[in-house]
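This report refers to the structure that appears directly beneath it.
The values are calculated or read from the model by the stated rules, or taken from the named source; none is laboratory data. Fair warning: this is a prediction, and the values are worked out from it, not measured in the lab. Here the Cβ positions follow ideal geometry from the backbone for every residue, glycine too, while neighbour counts run over all protein chains shown.
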Ligand SMILES: [Zn+2]
């Protein structure tokens, strides 16, 4: 069966869309052809049909997961055993896997993160280089509101990121109208954040296995005694909010509700795992603590 080679950093959902365009199949017919099952749908953002795709592309399942799915991002904060369990689960499943871990990674209710996003400069480059455009994985990840390559604000389509690839959503970037990405007051901050998310995808960034311990160590080195005293917890929360910015935290759905006790940054450092967006919380905390200095982080 024909199946297109994925482009650099192309999300698997985007490869499904191109395959369906090239083959003239509906998404459902493509799913049946891939999985030999008459029911089921293809997901845009969740890894699915990994075994089938790996076979068609002569890649290992692990390569497909690491290079063309959100798996490396979802793994942030997981130790190696839990990472292997998730890898196995995602490799075996032919249906879109909406496991709790995946669902808590992608907040469906936060406007800035709910739709497929694209960079016009990447799109132009892709059309010139490959003759067609595609959806980039990095642009789909929470926290990425500007392109880490070009630094320009991403455009937001009205296609829900979490929706299955239905005929209505079986579209490439040039086939959808997009809102111009808004100018932001903290563009430098957004660029740093996008680069941090990108760095977290690199397979060698295994220190994310230990990111809780690293963040705890860094916090203590910076003088934030988060464990017991409410006062230093509050100071950490105030400094953190000042660094990231209240409006950006709000945009990302990560506002600090309770600053007095330190709010979620302190809870995360104390080992609690908030229900939503643990990965982005770790990335923001790491950014803040890096900036606060005093601690030397392992290189990416
Ligand atoms: Zn770009």
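See the values below:
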item	result
Total residues in region 14-49, condition on the phi > 0 side of the Ramachandran plot and either modelled with pLDDT of 95 or more or assigned to a helix (DSSP H, G or I) (or both)	1
Among the candidates 39, 5, residue that is within 25 Å of the chain's Cα centre (by Cα) and surrounded by fewer than 19 Cβ atoms within 10 Å (Cβ to Cβ)	5
In region 245-288, the residues that are modelled with pLDDT of 90 or more, over 18 Å from residue 198 (Cα atoms) and in contact with a helix residue (DSSP H, G or I) (Cβ under 6 Å, 6 or more places away or on another chain)	251, 255, 256, 265, 266, 268, 269, 276
Enumeration of residues in region 139-165 that are more than 9 Å from the ligand (Cβ to nearest atom) and not in a loop (DSSP other than H, G, I, E, B)	140, 153, 155, 156, 157, 158, 159, 160, 164
The listed residue being within 17 Å of residue 84 (Cα to Cα), at pLDDT 95 or above and touching a helix residue (DSSP H, G or I) at 6+ places or on another chain (Cβ under 6 Å), out of 64, 74	64
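Residue-by-condition table, conditions (1) without any contact (Cβ under 8 Å) to a residue 24 or more places away in the chain; (2) surrounded by 14 or more Cβ atoms within 10 Å (Cβ to Cβ); (3) at negative phi:
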position: 51; (1), (2), (3): no, yes, yes
position: 73; (1), (2), (3): no, yes, yes
position: 81; (1), (2), (3): yes, no, yes
position: 85; (1), (2), (3): yes, no, yes
position: 103; (1), (2), (3): yes, yes, yes
position: 112; (1), (2), (3): no, yes, yes
position: 120; (1), (2), (3): no, yes, yes
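Yes/no matrix, rows are residues, columns are (1) more than 16 Å from the ligand (Cβ to nearest atom); (2) at pLDDT below 90; (3) in contact with a strand residue (DSSP E or B) (Cβ under 6 Å, 6 or more places away or on another chain):
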{"position": "86", "(1), (2), (3)": "yes, yes, no"}
{"position": "93", "(1), (2), (3)": "yes, yes, no"}
{"position": "97", "(1), (2), (3)": "yes, yes, no"}
{"position": "107", "(1), (2), (3)": "yes, yes, no"}
{"position": "112", "(1), (2), (3)": "yes, yes, no"}
{"position": "115", "(1), (2), (3)": "yes, no, yes"}
{"position": "123", "(1), (2), (3)": "no, no, no"}
{"position": "128", "(1), (2), (3)": "no, no, no"}
{"position": "131", "(1), (2), (3)": "yes, no, no"}
